[in-house]
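The values are calculated or read from the model by the stated rules, or taken from the named source; none is laboratory data. These figures come from a predicted structure and were not determined experimentally. Cβ placement follows ideal geometry from the backbone for every residue including glycine, while neighbour counts extend to all protein chains displayed.
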Amino acid sequence: MPEGWILIGMTSSSRETAWVNGHDVSSDQIHFYAEGTAIDYRTMPSAPWYSLQMRREFFQSLAISLSGQEVEIPLRDCINRTIPREKAAELKTELDAIIVLSQQDFSPNLSVPAQLVEFRILEKLLAALSEASLYKVRKEKRVLRQRYLVDRIETLLDAQQTGPFRISHLMDKTGLQER
């Protein structure tokens, strides 16, 4: 990346992960690359990788004006953010729209629609990132609930090691259902 320019990228393939700088990345992740970061990207055939290159100051000022806060972007290397799949799909729809627009014959009349699409992309990106933090919190809570449940089941099973074991007893004590 040139000095002062960051890169924001994501893969479009939901069937397989892509590979960037030694890490598997999925279609519900957004990647932020600091200025000067080398990018080695691999994906399956016909699965594009979307990348947006812009000045850090421009992106952060837009982030502040739209969301009230800056986005965490590393000062070196890369950081990945997982976003909800539906937000990733919305963002990809906007990215595809600008690709289609860019393939049309250039005329001075296209600059205004291109700027609008560009703004919508950044708006969708920032909305997806704000959802990402909520998504992460919900995911962490789900993992904690699952961990608690597993611990509870293990405790109950340890207590029943010598006697008969009934699934109905386990379900009653944990609040689980048969399914």
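Within the option set 149, 126, being modelled with pLDDT of 75 or more, within 31 Å of the chain's Cα centre (by Cα) and closer than 30 Å to residue 64 by Cβ holds for one residue only, 126. Scanning segment 65-93 for residues that are on the phi > 0 side of the Ramachandran plot and acidic (Asp, Glu) yields one hit, 77. Cβ-Cβ distances below 6 Å connect the following pairs, each with a first residue in segment 53-75 that is modelled with pLDDT under 85, a second residue that is among the aliphatic types (A, V, I, L, M) and in a helix (DSSP H, G or I), and a separation of six or more residues or different chains: 66/126; 67/126.
Number of residues in segment 49-97 that are surrounded by 14 or more Cβ atoms within 10 Å (Cβ to Cβ) and closer than 19 Å to residue 19 by Cα equals 11.
Of all residues in segment 152-171, exactly one satisfies the criterion of being among the acidic types (Asp, Glu) and either in a loop (DSSP other than H, G, I, E, B) or surrounded by fewer than 10 Cβ atoms within 10 Å (Cβ to Cβ) (or both), namely 158.
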